[in-house]
Each structure stands twice: as structure tokens, then as C-alpha cells.
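Read through the structure below, which is laid out as C-alpha cells, and then see the notes.
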Amino acid sequence: MTFVAKSALLLAVLACLASVTTRAGDVFERKAGLWKVSLHFPNESSPHLADQCLAADTDARVSQVGMETLQRICSKVENHKVGGTFVTDSTCKIGSHTRQSQTVTTPDGDNAYHVVVKTHDDHPAAPAKADEVYTQEGRWVGACPATMKPGDQILQVGPQMPGGMKTNLLATSPKD
């Protein structure tokens, strides 16, 4: 996978993992401020890192866009709360592939969370495997810096882009 394609995929995964919305009462939303996020891909030694600036409604707005996409490509999206965790089970058609996934989000108070995504792809493209596990950790660090607005995400992509790649998670939000 090319650097640009992988970065784009990473941004999409971070945006989806960042907002797990379920039916009323079963919502995990991060509090406003700056979040340090790390995403661990299978077979990679170093995590992908991002800073995300959130307002009180950022997760809900990103989740709305994500759910609209999921409804178009997924035959199954089930969300529920189990104890203190938030679980999403889905079956989605991506091109000619069918991918089943389970996302389990476990908050640690209101300052941190851990996400485990287990996937099964019926026709994985090399070098991916049929069954993979991705993890994400997030930690709240305080107020957003003046250089970031709600929805901004700075992905640390390595020496190719020393300042990181900045995008806004709300760029496709219907309320913008």
C-alpha cells in the first residue's frame, strides 16, 4: 500500500474509531479538548500517532457521517453497551470483499479509552491476513492549542511530513 493510501486509510480508521455512537444511553463520546491518540496496525512495530481537537459535539457529528457511510455499505451494524464497554458488530461489503468486524471501546474514566477492533475479511488483499486485530488508545491532555480548532486532527506520519498531516474530521459534516 502506498504511503498516501495508507495515510488516507489511517485517517478514515481514526475517524471511525474515534466516535462509537449507539442507541440512546449507549453512547461513548470523548470530552472536549486535546486528545493524544495512537493506532496500532497488525505487523507494524510503531503506532500511528495523532492529536485530535474536540468540541463537545465533535464525536456525535463525526459519528453521524460515519453511520451514514456504514448504512450504505453494511448489511449489519449492531451497537450495544455491555457493562462499561461499548460494542459495535458489523458486516460490510468493501468492493468485492465482505468484512466482519467487532469494535469494543472501553473508557477509563473520562480521560482515556482503549479500543480493540477484530476483523475478518473473506478475501484479504496481501499483505493483510483474513483475521486481524487493530488497537487504539486515547488520552485527554487538556485544552486544545490555539493552532487547532474543533475537529482538527494532526497525524504524525513520519519523516515524509515532519509537521504531520492536518485534516479536519468535520470537513464532511452536514452541519458545516
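Before moving on, here are some points about what is shown:
- When restricted to residues that are closer than 18 Å to residue 39 by Cα and assigned to a strand (DSSP E or B), the range 89-133 contains 19.
- Among the residues of the range 41-88, just one is assigned to a strand (DSSP E or B), crowded, with 16+ Cβ neighbours inside 10 Å and acidic (Asp, Glu), namely 51.
- The residues on offer are 100, 64, and the sole one that is more than 18 Å from residue 31 (Cβ to Cβ), at pLDDT below 80 and within 18 Å of the chain's Cα centre (by Cα) is 64.
- For residue 91, the criteria (1) closer than 20 Å to residue 129 by Cβ; (2) at pLDDT below 90 hold in every case but one, which is (2).
- The single condition among (1) in contact with a Ser or Thr (Cβ under 9 Å, 6 or more places away or on another chain); (2) over 24 Å from residue 151 (Cβ atoms); (3) modelled with pLDDT under 80 that residue 2 does not meet is (1).
- Test: residue in the range 139-160 that is assigned to a loop (DSSP other than H, G, I, E, B), of a type in the set (Val, Ile, Thr) and surrounded by fewer than 16 Cβ atoms within 10 Å (Cβ to Cβ): yes
- Test for residue 101: is it surrounded by 16 or more Cβ atoms within 10 Å (Cβ to Cβ), touching a Lys or Arg at 6+ places or on another chain (Cβ under 8 Å) and not hydrophobic (A, V, I, L, M, F, W, C): yes
- Residue-level analysis places residue 115 among those that are in contact with a helix residue (DSSP H, G or I) (Cβ under 6 Å, 6 or more places away or on another chain) and either of a type in the set (A, V, I, L, M, F, W, C) or closer than 30 Å to residue 31 by Cα (or both).
- All positions within the range 130-176 that are modelled with pLDDT of 85 or more and of a type in the set (D, E, K, R): 131, 132, 137, 139, 149, 152, 166
The values are calculated or read from the model by the stated rules, or taken from the named source; none is laboratory data. All of these numbers come straight from a predicted model, not from anything done at the bench. Cβ sites come from the backbone with ideal geometry, for glycine too, and all protein chains shown count toward neighbours.
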